[in-house]
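Trainee: I have a structure here, written as structure tokens, and I will follow up with some questions on it.
The values are calculated or read from the model by the stated rules, or taken from the named source; none is laboratory data. These figures come from a predicted structure and were not determined experimentally. All Cβ positions, glycine included, derive from the backbone under ideal geometry; neighbour counts span all protein chains shown.
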Amino acid sequence: MPANASLEELIEALRGLPSIGPKAAQRMAYHLLQRDRRGADRLARALDSALQNLHHCTHCNNFTEQAICERCLSTRRDPSQLCIVEMPIDLNSMEQTQAYNGLYYVLMGRLSPLDGIGPKELAFGRLITRATDGVVKEVILATNFTNEGEATAHYLSELLHARGIKVSRIARGLPVGGELEFSDAATVAQALRERRDFD
């Protein structure tokens, strides 16, 4: 075992985070160890707690500590509308617009055959069950306007149309190739207001 195996393991773990390359991972590791041991300990405890306590909501698939999250249990939301987003951060972007009051379903990804992510990996069966519960009247597809997001929206629209569900797509108020995470609230609100039926 190398003398600095623990350090190398920490650097490799940090490299697994989005947009973190080898140099940034090294800088973060050295910072945590040398300058912010208290912060490193807090990070380790928070991560351990999250791994122990968070799981997927049985209704929307978002992270929660309960079987059903507070948003899904809320009586102030419109259960006839179901907005489908790729990731929890996209749900957060939609909520910041304050232009949508329905419920959500989080895919936890998008179709990407090159990465081995298909309908089975995204548990589309659970989504179809949720969308055809007799309460949902409209499904709003709010996947990102990337090639994978568009393919995901098209695939889902076919599945849902075949089951008689009304399907709409948020309008292209967002730039092509853009992602909800990096869009301002006004742009996302405009895209939501100008959604169209998905043919």
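Trainee: Of all residues being out of contact with any helix residue (DSSP H, G or I) (no Cβ under 7 Å at 6 or more places or on another chain) and among the polar types (S, T, N, Q) in region 90-148, which is farthest from residue 62 (Cα to Cα)? Just the residue, please.
Mentor: Looking at residues that are out of contact with any helix residue (DSSP H, G or I) (no Cβ under 7 Å at 6 or more places or on another chain) and among the polar types (S, T, N, Q), I get 147.
Trainee: Same structure again: Those residues that are in contact with a Ser or Thr (Cβ under 7 Å, 6 or more places away or on another chain) and more than 30 Å from residue 76 (Cβ to Cβ), I need them from region 100-151; list them, please.
Mentor: Scanning region 100-151 gives 111, 148.
Trainee: For region 154-168, enumerate the residues that are among the hydroxyl-bearing types (Ser, Thr, Tyr) and under 16 Å from residue 80 (Cα atoms). Step through it out loud before you land on a result.
Mentor: First, pick out the residues of region 154-168 that are among the hydroxyl-bearing types (Ser, Thr, Tyr): 155, 157, 168.
The answer is 168, and nothing else.
Trainee: Quick check on region 108-115. Is at least one of its residues in contact with a strand residue (DSSP E or B) (Cβ under 6 Å, 6 or more places away or on another chain) and without any contact (Cβ under 8 Å) to a residue 24 or more places away in the chain?
Mentor: yes
Trainee: Let me ask something else. Give the number of residues within region 60-96 that are of a type in the set (Val, Ile, Thr), touching a residue at least 40 places away in the same chain (Cβ under 8 Å) and outside any helix (DSSP H, G or I). Please lay out each step first, then the result.
Mentor: Just the residues of region 60-96 that are of a type in the set (Val, Ile, Thr), to begin with: 64, 68, 75, 84-85, 89.
Right, trim to touching a residue at least 40 places away in the same chain (Cβ under 8 Å) and you get 84-85, 89.
Subset that is outside any helix (DSSP H, G or I): 84-85.
Count: 2.
Trainee: If a residue must be of a type in the set (Asp, Glu) and not in a loop (DSSP other than H, G, I, E, B), how many such residues does region 27-59 contain?
Mentor: Here is the first cut: in region 27-59, the ones of a type in the set (Asp, Glu) are 36, 41, 48.
Remaining after also requiring not in a loop (DSSP other than H, G, I, E, B): 41, 48.
Qualifying residue count for the region: 2.
Trainee: Ok, one more. Can you say whether residue 24 is within 25 Å of residue 91 (Cα to Cα), assigned to a helix (DSSP H, G or I), modelled with pLDDT of 90 or more and not assigned by TED's automatic domain parsing to the domain that holds residue 83, as far as the supplied structure shows? If you could, list the steps in order and put the result at the bottom.
Mentor: Numbers: within 25 Å of residue 91 (Cα to Cα): no; assigned to a helix (DSSP H, G or I): yes; modelled with pLDDT of 90 or more: yes; not assigned by TED's automatic domain parsing to the domain that holds residue 83: yes.
Here the answer is no, as residue 24 does not meet what is asked.
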